[in-house]
1. Just checking, how many residues over the range 118-129 are buried (at least 18 other Cβ atoms within 10 Å of the Cβ) and away from the ligand (no atom under 13 Å from the Cβ)?
2. Condition check: touching a helix residue (DSSP H, G or I) at 6+ places or on another chain (Cβ under 6 Å) and either in a helix (DSSP H, G or I) or assigned by TED's automatic domain parsing to the domain that holds Pro224 (or both). Does Val91 satisfy that?
3. Quick check on this structure: which one of Gly296, Gly334 is touching a strand residue (DSSP E or B) at 6+ places or on another chain (Cβ under 7 Å) and either in contact (Cβ under 8 Å) with a residue 40 or more places away in the chain or outside any helix (DSSP H, G or I) (or both)?
4. Yes or no: Gly239 at positive phi and either near the ligand (Cβ under 10 Å from one of its atoms) or more than 11 Å from the chain's Cα centre (by Cα) (or both)?
5. Tell me whether the range 299-320 contains one or more residues that are free of Cβ contacts under 8 Å to residues at least 60 places away in the same chain, under 29 Å from Ile74 (Cβ atoms) and touching a strand residue (DSSP E or B) at 6+ places or on another chain (Cβ under 8 Å).
6. Confirm whether Val370 is aliphatic (A, V, I, L, M), in contact (Cβ under 8 Å) with a residue 60 or more places away in the chain and surrounded by 15 or more Cβ atoms within 10 Å (Cβ to Cβ).
7. Within the range 299-322, can one find any residue that is under 21 Å from Leu11 (Cβ atoms) and over 24 Å from the mean Cα position of the chain (by Cα)?
8. Run down Arg397, Arg377, Arg352 and say which single residue is within 24 Å of the chain's Cα centre (by Cα) and in a helix (DSSP H, G or I).
Amino acid sequence: MTKTLPRPSSLIEHFRFDPKVVYLNHGSFGACPTGIIEAQQRHRDRVEADAMQFYIYDLWRMVDRSRQALGELINAQAEDIVFVNNATTAVATVLSNLDLAPGDEMIVTDLEYPACKNNFEHFANRSGAKVVVVDIPWVGLNEDAAFDAIMAKVTSKTKLLLISLISSATAVRLPVERIIAKLKDQGVETLLDAAHGPGCVPIDITAWGAAYTTGNGHKWLCSPKGVAFLHVRKDLQAGFRPLVLSNHAMDIEPARARTKRSAFNHEFDYMGTDDRSGVLTIADSIECLDSLMPGGLTGPDGIMAHNLSLCIEARNLLFDAFGTTPTIPESMLGPLAVIDIPAPGLHPRELRENLFKNHAIEIMIVPSPVGTHPMVRISPYIYNSIEQYQYLGDAIRSEIG
Ligand SMILES: Cc1ncc(COP(=O)(O)O)c(C=O)c1O
């Protein structure tokens, strides 16, 4: 292909993209800047220099450094955070810790990530519990409609709600604060899936009070792949265990007296020998992102604000290009958005593959929750430019004819 590709933003110099690819899918797999990759390598070098010292003595305080840095970003106490490989594992871990009985109900919304829903089905089937799916009304969607749809499904048997902070394929920022609080009043706990959370939108774990929250580092914190957190509210930590039990599982007290960690931290920090270098870069990831823009990660001129504003600009540009109109209010947007493509019957995968084959664009194309047309999901990051979205709009128009 000998096309002239649109220029990305100058900040792309911090990343390691193939220059022959227009990468527009940070929302699925965030890219890792060179500064973070180098930090990870330093942690790996540290392990290889003396793995005995690392796994027996140093690992614990080094994970604490990540806990501390992340806790400050999401307003959580460091000791209530543990790390797992991804949000999917965190969801399975929570489910494996529930005492579900036949007849219990767990609510999931129809906008949840498929792997998370699958784990809910799996654990419900094993225990005789039931998964109740809430259809979030897509046409005329607003915060009240989402709230009401969920509340209408709560019964005396409801034990847990799974809800995304920002839904995956549909990119909706749901009103989780209200929902968590209302359910808590009714004795129902929430598992908040903030896979698009840290570094994506502001998060306040303490104020929101969900029983369990997970979020990915490898999306909007640009950490290496295989980095996610699980926050468990303090009152639920006793007896809460990882999916994989390690050496000291049956006699934890002497071991945790040595590492001076809670059983919760101790068990999750070492789940068998594993590459923990990604988890150890969380503090480095936050530091590195803070250095990339004058407003840092969270300031008014920082990365999060920049991504949101580029998302809104690109969304408007694409609505104009396709002649379609917004389906959800701007108040329900993070730095991700979906735009209807007026091509009834066109399969999302076919369009995605053609955009890559014919235009070198990596982007997410998803089915619309209503109708048979596809939607394009954008998720701009600081290395993207508005010219790239202009190019995307032209490319989609040329594909749909
Ligand atoms: C809302 C949501 N939840 C969970 C996941 C799964 O994340 P992971 O692959 O890290 O388990 C995703 C991935 O895109 C997501 O968007």
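The values are calculated or read from the model by the stated rules, or taken from the named source; none is laboratory data. In this text, all values refer to a predicted model and were calculated from it rather than measured experimentally. Neighbour counts run over all protein chains shown; Cβ positions are idealised from the backbone, glycine included.
1. 3
2. yes
3. Gly334
4. So Gly239 fits the description; yes.
5. The answer is yes; a qualifying residue exists.
6. Here the answer is no, as Val370 does not meet what is asked.
7. yes
8. Arg352
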